[in-house]
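Just below is one structure, and these are the notes that go with it.
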């Protein structure tokens with residue numbers, strides 16, 4: 001069969017038909033695109049819904065986890081608080097033990113110091129306690145000649161206390177005060193001989209008022225010095241009227257020295273030249289409270305023995 005030629009048919013198609021065909025094609029094409037787009041939208045909507053559902057589930061689970069975490073945090077906080085209380089309690093107990101250990105350690109240290117210090121050094125001699133003729137300080141050292149009034153007459157002082165004596169004399173010199181040691185350590189025999197001389201010269205009654213019997217003299221301890229200054233002709237009388245004495249009243253305690261026999265004491269006559277080393281702490285206490293060494297109870301004095309060389 002012979003098919004008709006398309007060209008022969010073309011003249012029969014009107015322009016309106018062409019427009020119709022074009023519009024129809026476009027309509028079909030648009031329908032197809034819209035259908036495809038609708039399917040995509042529906043697919044995305046389903047996926048979005050699924051994602052939203054999953055996200056909602058995840059959010060719920062997260063909220064539950066957060067709640068659980070908060071609960072655990074509160075529990076942990078309570079545990080930490082309890083632990084801190086236990087730590088504080090243990091610290092308090094340990095602190096108490098440390099304080100007790102410190103107290104015990106301090107006591108042991110004090111006892112150790114006392115074991116190395118002559119217990120006689122702070123005794124109230126001068127008609128109160130007696131030292132026998134065999135007592136001699138454990139350590140005596142010669143006082144350098146530059147500190148002596150008579151450089152040809154050797155004098156000794158307790159070795160441990162001598163640095164305090166020299167510091168006192170150096171400080172006086174630095175302050176423009178002339179001060180020397182006239183007499184220091186005396187043995188039992190030397191004190192006996194000196195007392196005998198005074199008794200012969202002044203009589204027993206007068207000698208007893210200013211000179212101790214052997215065994216009762218502070219000089220035998222090795223911690224006592226008779227000071228003197230120039231302008232007195234080598235005599236002790238009149239020392240109380242000198243600038244050197246005034247300097248001692250205001251400064252001797254700083255170096256551990258106290259005036260043994262001030263005015264109106266109940267033991268011997270006023271001896272402004274006679275100074276005894278008792279340690280800085282005790283000397284300072286006596287100075288600040290305007291007290292005399294012999295006014296203190298011996299038990300109170302003994303409490304300062306461990307610190308005598310501090």
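The values are calculated or read from the model by the stated rules, or taken from the named source; none is laboratory data. Source: prediction; values computed, not measured. Cβ placement follows ideal geometry from the backbone for every residue including glycine, while neighbour counts extend to all protein chains displayed.
From the list 156, 166, 162, the lone residue that is buried (at least 18 other Cβ atoms within 10 Å of the Cβ) and in the same structural domain as residue 223 (by TED's automatic domain parsing) is 162.
Determine, yes or no, whether residue 279 is touching a helix residue (DSSP H, G or I) at 6+ places or on another chain (Cβ under 7 Å) and modelled with pLDDT of 95 or more. Yes: the conditions hold for residue 279. Only one of the numbered conditions (1) touching a helix residue (DSSP H, G or I) at 6+ places or on another chain (Cβ under 9 Å); (2) touching a residue at least 12 places away in the same chain (Cβ under 8 Å) is violated by residue 243, and that is (1).
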